[in-house]
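Enquirer: My questions all concern the structure below.
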Amino acid sequence: MKKKYVIGIIIAVTLLIGLLTIFFWPPKFELKGKDIELKYGESYHEPGYKVTKFGKDYTKKVKVKNKINKDKLGLYEIMYEVKINGITFKKTRKVKLVDKEKPTITLTGNENITICPQAEYEEEGYKVVDNYDGDITDKVKITKKDNQITYSVKDSSGNSAEITRTITKEDKTAPTITLKGNKTQNIYLGNKWSEPGYSATDNCDNDITNNVVKTGTVNTNKLGTYKITYTVKDASGNQTVEQRTIKVISRPSIPSSGKKGVIYLTFDDGPKEGTTNVILDILKEENVKATFFVTNSGPDYLIKREYDEGHTVALHTATHNYATVYGSKEGYYNDLKQVQDRVKRITGYESKIIRFPGGSSNTISKKYSPGIMTFLTKDVVNKGYKYYDWNTDSGDAGGTNSASGVYNNVIRNLSKNKANMILMHDIKPHTRDALRNIIRYGKNNGYTFEKITMSTPMITHHVNN
Ligand code: ZN
């Protein structure tokens with residue numbers, strides 16, 4: 001009886017233990033994959049899990065708690081929980097969110113830089129962006145070795161990046177030589193040639209004019225072509241050569257206009273219809289060239305004819321009004337310009353040959369501007385003009401009113417020992433009528449006729465104001 005009771009207890013206890021064991025027996029709780037290393041920026045994908053107990057699948061009862069903050073690197077846990085018969089079973093998976101991407105360095109300017117040998121490289125700038133840290137430009141470490149600049153940087157996860165800029169110091173650009181004045185120059189035999197000047201600059205050495213070596217000489221006493229060579233090297237040995245050619249040429253033959261026995265027929269105050277046109281006809285028939293000191297009067301076509309038919313169109317003044325032209329220096333030049341513009345407009349030619357109204361010896365100008373002739377006679381020459389008075393007066397402006405009077409006044413004063421500068425006025429009928437006989441006389445007596453050109457020596461009066 002006692003033994004049976006014990007056995008009974010044992011069996012009961014064993015059954016109880018067995019039941020309890022079945023009840024509390026943990027399920028088979030499997031996580032697929034293990035701990036995970038997740039790269040920053042990637043999404044978490046659940047690898048999967050499975051829960052079974054005594055052949056029964058509890059997977060669908062699993063609750064997953066994912067606390068990953070994908071914006072923050074770190075170690076996270078994913079909790080898996082399942083409740084079976086009121087008992088909770090747990091599993092955890094470790095997820096490590098990491099950054100394995102290195103930062104990106106961007107250089108301003110090229111990776112390969114060439115600078116002048118003496119120059120120092122001036123940093124052009126750089127920028128570093130990291131996928132996790134953002135802008136970490138201030139973390140860059142710069143090291144310089146030889147000709148290389150290395151920019152290195154590490155992000156907060158220790159990923160490092162590096163970029164190198166190579167600086168080459170060299171100058172392969174040759175200097176520039178600039179010659180002042182023309183590269184080809186003509187000079188008359190016997191004249192002095194002087195260097196017009198030059199300069200040399202280099203991209204690296206700046207002004208190296210002092211390093212220019214000049215070779216070659218010009219012998220202006222000998223006709224020929226001479227070359228002056230300018231050579232310059234920069235500090236890197238780049239060389240530039242320039243050359244100037246100087247031609248020593250013979251002087252032009254002395255113009256016959258300067259010779260004695262020449263007659264310059266000069267006509268003032270025109271043009272005028274009825275006289276100038278006939279004078280032009282006569283000159284054409286006689287094949288003689290003359291000089292017309294024109295004003296703003298008369299028709300344009302006569303000035304055109306004067307020019308087209310080979311005569312010299314010279315400048316008297318526009319108004320021929322003494323008060324205007326001698327009232328002031330400005331007044332004179334304004335008036336002169338008017339007539340100069342007229343001639344240019346009609347002929348395309350800018351005349352610089354002038355005759356002062358009343359001649360440079362006039363005294364009437366004193367009434368308007370004392371000393372103006374002393375000034376103007378010098379100033380016009382300084383400005384590049386040539387002015388011509390006369391040494392033979394035909395008297396046609398007052399002394400005589402007849403063709404024979406004009407003729408006599410002219411031929412009476414002609415001389416083979418001088419250049420004969422004849423003052424006439426092409427606005428006068430008696431001059432028109434005397435002209436052919438004057439020309440015939442000159443031809444028959446061995447004179448030659450010429451027009452005034454810029455190379456005609458000036459014939460000038462004594463200045464009286
Ligand atoms: Zn006049």
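Enquirer: Would it be correct to say that I78 is surrounded by 13 or more Cβ atoms within 10 Å (Cβ to Cβ), in a loop (DSSP other than H, G, I, E, B) and of a type in the set (A, V, I, L, M)?
Expert: no
Enquirer: A further question follows. Given segment 136-244, what strands (runs of 3 or more DSSP E) lie entirely inside it while holding 1 or more residues that are of a type in the set (A, V, I, L, M, F, W, C) and at pLDDT 95 or above?
Expert: By residue number, 141-145, 148-154, 160-169, 176-179, 198-202, 213-215, 224-233.
Enquirer: Condition first: within 12 Å of the ligand (Cβ to nearest atom) and free of Cβ contacts under 8 Å to residues at least 12 places away in the same chain. Now tell me which residues in segment 382-422 satisfy that.
Expert: Scanning segment 382-422 gives a single hit, G398.
Enquirer: Quick one: which of T88, T106, T52, T92 is within 30 Å of Y151 (Cα to Cα), at pLDDT 90 or above and part of a strand (DSSP E or B)? Let's see the steps before the verdict.
Expert: Numbers: T88 fails: within 30 Å of Y151 (Cα to Cα); T52 fails: within 30 Å of Y151 (Cα to Cα); T92 fails: within 30 Å of Y151 (Cα to Cα).
Result: T106 is the single residue among T88, T106, T52, T92 that is within 30 Å of Y151 (Cα to Cα), at pLDDT 90 or above and part of a strand (DSSP E or B).
Enquirer: Hey, another quick one. Enumerate the pairs (first residue in segment 423-438 and closer than 12 Å to N409 by Cβ and open to solvent by less than 10 Å² (accessible area, probe 1.4 Å); second residue anywhere and part of a helix (DSSP H, G or I) and more than 16 Å from the ligand (Cβ to nearest atom)) with beta-carbon separation below 7 Å, excluding pairs fewer than 6 apart on the same chain, so at least 6 apart or on different chains.
Expert: Correct list of pairs: A434/A403; A434/Y407; I438/Y407; I438/V410; I438/I411.
Enquirer: Testing G399 on (1) open to solvent by 70 Å² or more (accessible area, probe 1.4 Å); (2) within 57 Å of the chain's Cα centre (by Cα); (3) small (G, A, S), one condition comes back false. Which one is that?
Expert: (2)
Enquirer: Give the number of residues within segment 221-238 that are surrounded by 18 or more Cβ atoms within 10 Å (Cβ to Cβ) and without any contact (Cβ under 8 Å) to a residue 60 or more places away in the chain.
Expert: Adding up the residues that qualify gives 5.
Enquirer: If you don't mind, there's one more thing I want to ask. Pull out all pairs, ordered by first then second residue, where Cβ-Cβ is under 6 Å, the residues are six or more apart or on different chains, the first lies in segment 258-286 and is on the phi > 0 side of the Ramachandran plot and in a loop (DSSP other than H, G, I, E, B), and the second is more than 16 Å from the ligand (Cβ to nearest atom) and not aromatic (F, W, Y).
Expert: Qualifying pairs under 6 Å: G261/K416.
Enquirer: Take segment 21-42 and flag every residue that is open to solvent by less than 80 Å² (accessible area, probe 1.4 Å) and not in a strand (DSSP E or B).
Expert: Passing the criteria: T21, P26, P27, G33, Y40, G41.
Enquirer: What residue, among those in segment 322-374 that are closer than 22 Å to G310 by Cα and within 13 Å of the ligand (Cβ to nearest atom), is surrounded by the most Cβ atoms within 10 Å (Cβ to Cβ)?
Expert: The extreme case among them is V339.
Enquirer: I've got another one for you. As an exercise: evaluate S394 against (1) open to solvent by 20 Å² or more (accessible area, probe 1.4 Å); (2) under 21 Å from H311 (Cα atoms) and give the number of the one condition it does not meet.
Expert: S394 satisfies every listed condition except (1).
Enquirer: Return the residues of segment 442-465 that are open to solvent by 70 Å² or more (accessible area, probe 1.4 Å) and farther than 23 Å from I353 by Cα; say none if nothing qualifies.
Expert: K443, N444
Enquirer: Consider only pairs whose beta carbons are under 7 Å apart and that are at least six residues apart or on different chains; among these, list those whose first residue lies in segment 7-27 and is assigned by TED's automatic domain parsing to the domain that holds I87 and in contact (Cβ under 8 Å) with a residue 40 or more places away in the chain and whose second residue is exposed (fewer than 10 other Cβ atoms within 10 Å of the Cβ) and in a helix (DSSP H, G or I).
Expert: Close Cβ pairs satisfying both conditions: none exist.
Enquirer: Also: Residue check, I115 against (1) open to solvent by 70 Å² or more (accessible area, probe 1.4 Å); (2) closer than 30 Å to G237 by Cβ, all met but one. Which one?
Expert: It fails just one condition, (1).
The values are calculated or read from the model by the stated rules, or taken from the named source; none is laboratory data. Here the structure is a predicted model, which means the values were calculated and not measured. Because the Cβ atoms are built from the backbone with ideal geometry, glycine has one as well, and the counts that use them run over all protein chains shown. Just so you know, the surface numbers come from the protein's heavy atoms only, side chains and all, with ligands and any DNA or RNA stripped out. Shrake-Rupley method; radii C 1.70, N 1.55, O 1.52, S 1.80 Å.
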